[in-house]
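See below for the structure under consideration.
The values are calculated or read from the model by the stated rules, or taken from the named source; none is laboratory data. Note that the structure is a prediction, hence the values are computed from the model and not measured. Positions of Cβ are generated from backbone atoms using ideal geometry, with glycine treated the same way; all protein chains shown enter the neighbour counts. The protein model used for the area step is the full one, side chains on, heavy atoms only, and it has no ligands, DNA or RNA in it. Shrake-Rupley method; radii C 1.70, N 1.55, O 1.52, S 1.80 Å.
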Amino acid sequence: MSTAVAGKGLEGIVAANSGICWIDGDAGVLSYRGIDIHELAENSTFEETTYLLWNGRLPNREALREFTSKLAQARALDARVVDLMRSYPVSASPMEVLRTCVSALSFYDADETDNTHDANVRKSYRLTAQIAMVVAVYDRIRKKKEIVPADKSLTHAGNFLWMLNGEKPSETAARTLDTALILHADHELNASTFAARVIAATLSDIHSAITGAIGALKGPLHGGANEAVMRLLLAIDKEGADPVEYVRAMLASKQKVSGFGHRVYKTEDPRATHLRRMSEKLGKDAGQPRWYEMSRAIELYINREKKLNANVDFYSASTYATLGIDIDLYTPIFAVSRIAGWAAHVIEQLDDNRLIRPRAEYIGPAYPTPWVPVDKRT
């Protein structure tokens, strides 16, 4: 058995074979099933992209129609899950609620004990639809607003905005969120996806795997950077400060500026390219250009002074803000998208499973360290 020592945080270690996502960090390339993310962002939809991730190929017209219909038909929450959300304390965060509700959804899934490929695909339809619904429904509940029923005639992104806001979204808003969901749908073995695969590899159920993935995404080093970016923009706006001077002072006092740099990409994160454009266009169309303009000024300064590029989180903050989405929903929306990739990886893992059990490099006391009677211990 090989016991080669991995770098801290498993950096640079190849931990699995996968046909889902390919990244070239040096060239700034991200692709799903071999198709460049730029092509998908410009031409595809979240439904088509999810089909691609789950099936390994683009659907023809009939297959896409069937897939879209099945995903829309899966927009249903058991009333007991909604009652559960009503019982949570008002201090519960949307991510805590989402984590708990996904676990509870397993109680009411007819396929829960079936771990076959087809059953996991059926559960993936339901989880993809239900995660979006949980985020929207809980936001209505905590704001003491009437729950908005799902509209199965809308796209996945459009229905989410409809259930969240109680009004039909504009074409621009629906398409903007749809593109954001495509960009966030998968990213190889990031922390949450790796967590999901590790759990699935034990032959646990898909709900457990996705609950674990959400738990990993909840951590600020993985899913919370866009929230930190927006809080920074709000702080600058509240003080009426110059964005560059404000950030310059942060750096001088050794504070971190979120939304820059990436463990994998050595050049610009290709997802940031599209989110920058969307942030600018959406801001102009909505007559709210300040979030984009502040973001752009900060980006240019950080790039010039620190040689760091914006990542996917930096412009998703201003994009979501212009869509009128609350800050503490940014990470849950990440999950609304990433469930497509999580499900693809769980299915792939279980289709050719082996328990994931790495080794650790031992750095403790030398062996054999003798046991010492309690009366002789210092």
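Observations
- Whole-number Å³ per residue for the convex hull built on Cα positions in region 314-378: 256 Å³
- Förster-model FRET efficiency, 45 Å R0, Arg231 and Glu39, C-beta, rounded to 0.05: 0.85
- Size-normalised alpha-carbon gyration radius of region 203-284, reference 2.2 N^0.38 Å: 1.42
- Heavy-atom SASA rank of Trp371, Trp342, Trp54 (probe 1.4 Å, accessible area, largest first): Trp371, Trp54, Trp342
- Shape call, region 135-258: gyration tensor on alpha carbons, a/c limit 1.5: oblate
- By the Cα gyration tensor, region 98-150 has an equivalent ellipsoid whose semi-axes, rounded to whole angstrom, run 26, 11, 8 from largest to smallest.
- Computed [θ] at 222 nm, helices only, for the chain once each DSSP H run of length n ≥ 4 contributes -39500 (n - 2.57): -18500 deg cm²/dmol
- FRET E, pair Ala92, Lys145, Förster distance 22 Å, beta-carbon r, rounded to 0.05: 0.85
- Pairwise Cα inverse-distance average, inverted: Kirkwood Rh of region 236-350 (Å): 15.5 Å
- Summed over the residues of the chain and divided among them, the accessible surface reaches 49 Å² per residue at a probe radius of 1.4 Å.
- Calculated FRET value between Arg354 and Asp328, using beta carbons and R₀ = 35 Å, to 0.05: 0.40
- Relative contact order (%) - criterion: Cα under 8 Å, at least six apart; region: the chain: 23 percent
- The chain - percent of accessible surface contributed by carbon and sulfur, probe 1.4 Å: 52 percent
- Under 22 Å from the Cα of Lys145 - lysines, other chains or at least 8 residues apart: Lys168
- Cα pair distances of region 9-115 binned at 10 Å [whole percent]: 11, 26, 29, 28, 6
- The calculated P(r) of region 274-318, using every Cα pair and 5 Å bins from 0, goes 5, 26, 31, 22, 11, 4, 1 in percent.
- Taking the square roots of five times each eigenvalue of the Cα gyration tensor of region 28-80, the equivalent ellipsoid has semi-axes of 25, 14, 9 Å, listed largest first.
- Label-to-label distance, Tyr362 versus Arg80, with points set 7 angstrom from Cα along the beta-carbon direction: 4.7 nm.
- Its residues counted as N, the chain yields a C-alpha radius of gyration over 2.2 N^0.38 Å of 1.05.
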